[in-house]
Amino acid sequence: MCRLRLLYHGGQRRAEALTQPRASEGNIPALICDLCRQFYDLGWVSGTGGGISIRGPEGIYIAPSGVQKERLAPADMFLLAADQLENPVILQRPQDPKLRLSECRPLFFNAYRQRNAGAVMHSHSVWAVLATRLFAPTGGPGAFVCRDLEMQKGLRGKGCFDTVTVPIIANTPREAQLTESMAQAMSAHPDVDAVLVAGHGVYVWGETWQQAKTQAECYDYLFRAVVEAHRLGLPMSAHTGTEARRNVS
Ligand SMILES: [Zn+2]
């Protein structure tokens, strides 16, 4: 593995090959911290919202609840048994006893149980929220639909001319109360690896953390593209040429 790093020497910028892997690679708690900082910069986990979980050889790592996600440390992670999805078992708690297990835990476990996921990401992206407003203006349930967008190729089994349909479930006062409706939406839409929550955000998963991250980025791009197309009054589909508003159900 070789990456390039930009260095500044005497005002001159030069690229240097990095032959050492990132510190977080192979260290899942450190990787979760890295990803949370990236997702914070994208606006996905601001205001302590959102969350992330990755399955490793030792079990399932989950970031704690209600904390500044961009300031997490590896010692803040919970580790749960990967073979105890029905009755969760905490194998290791954070060093700080005040940290609480994420409210997203049962929702993450939906993806581990039903899809054998390797990682699950929960974003409070404003584009996901606006996409639910557009396609489920009364609060859901409903479905986000897009087609004819190149970034669809980043989704499992999708091509750029396919139709992508992402289920939208209604929000609830507590995150854990979404568990059953998310599980039902996943069963009804086996071809997609995401569930939108009306006025709230989106859950995205993948076989690996890399696939989960790629799909989370591609879904967010698609949500933004469709919301912006609607705002500009542009057709949502290149094939149909139908006005954006008329495609919204
Ligand atoms: Zn949330």
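Quick note: the coordinates plus some simple rules give every number you see, no bench work behind them. Since the model is a prediction, treat every value here as computed from it, not as a measurement. We place every Cβ from the backbone using ideal geometry, glycine too, and count neighbours over all the protein chains shown.
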**Asked** Can you spot a residue in the stretch 177-195 that is among the β-branched types (Val, Ile, Thr), within 16 Å of the ligand (Cβ to nearest atom), under 19 Å from Trp44 (Cα atoms) and touching a Phe, Trp or Tyr at 6+ places or on another chain (Cβ under 6 Å)?
**Response** yes
**Prompt:** Within the stretch 135-145, how many residues turn out to be more than 23 Å from Glu207 (Cα to Cα), crowded, with 20+ Cβ neighbours inside 10 Å and more than 16 Å from the ligand (Cβ to nearest atom)?
**Reply:** 3
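The rows are residues; the columns are (1) surrounded by fewer than 19 Cβ atoms within 10 Å (Cβ to Cβ); (2) among the hydrophobic types (A, V, I, L, M, F, W, C); (3) over 16 Å from the mean Cα position of the chain (by Cα); (4) within 21 Å of Ala30 (Cβ to Cβ).
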residue	(1), (2), (3), (4)
Gly56	yes, no, yes, yes
Leu91	yes, yes, yes, yes
Leu101	yes, yes, yes, yes
Phe108	no, yes, no, yes
**Prompt:** Can you tell me which residue in the stretch 153-176 is farthest from Lys213 (Cα to Cα), limited to those that are touching a residue at least 40 places away in the same chain (Cβ under 8 Å) and within 14 Å of the ligand (Cβ to nearest atom)?
**Reply:** Arg174
**Fill in**
Selection over the stretch 34-86 where residues are part of a helix (DSSP H, G or I), among the aromatic types (Phe, Trp, Tyr) and closer than 18 Å to Ala111 by Cβ yields a count of 1
**Item:** Residue selected from the stretch 83-113 under the condition touching a helix residue (DSSP H, G or I) at 6+ places or on another chain (Cβ under 7 Å) and among the hydrophobic types (A, V, I, L, M, F, W, C), by the criterion farthest from Ala185 (Cα to Cα)
**Value:** Leu99
**Prompt:** Of the conditions (1) surrounded by fewer than 23 Cβ atoms within 10 Å (Cβ to Cβ); (2) more than 15 Å from the chain's Cα centre (by Cα); (3) more than 17 Å from Gln215 (Cβ to Cβ), Gln114 fails just one. Which one is it?
**Reply:** (3)
**Message:** Any residue in the stretch 96-112 that is touching a residue at least 60 places away in the same chain (Cβ under 8 Å) and part of a helix (DSSP H, G or I) sitting within a Cβ distance under 7 Å of a residue that is of a type in the set (D, E, K, R) and within 12 Å of the ligand (Cβ to nearest atom)? List the pairs, counting only those 6 or more apart or interchain.
**Reply:** Leu107/Glu175
**Asked** How many residues does the stretch 41-70 contain that are more than 14 Å from the ligand (Cβ to nearest atom) and either aromatic (Phe, Trp, Tyr) or touching a residue at least 60 places away in the same chain (Cβ under 8 Å) (or both)?
**Response** 4
**Message:** Yes or no: the stretch 16-33 includes at least one residue that is part of a strand (DSSP E or B) and among the basic types (Lys, Arg).
**Reply:** no
**Prompt:** What residue, of Val202, Val227, is in contact with a helix residue (DSSP H, G or I) (Cβ under 7 Å, 6 or more places away or on another chain), touching a residue at least 40 places away in the same chain (Cβ under 8 Å) and more than 16 Å from Leu107 (Cα to Cα)?
**Reply:** Val227
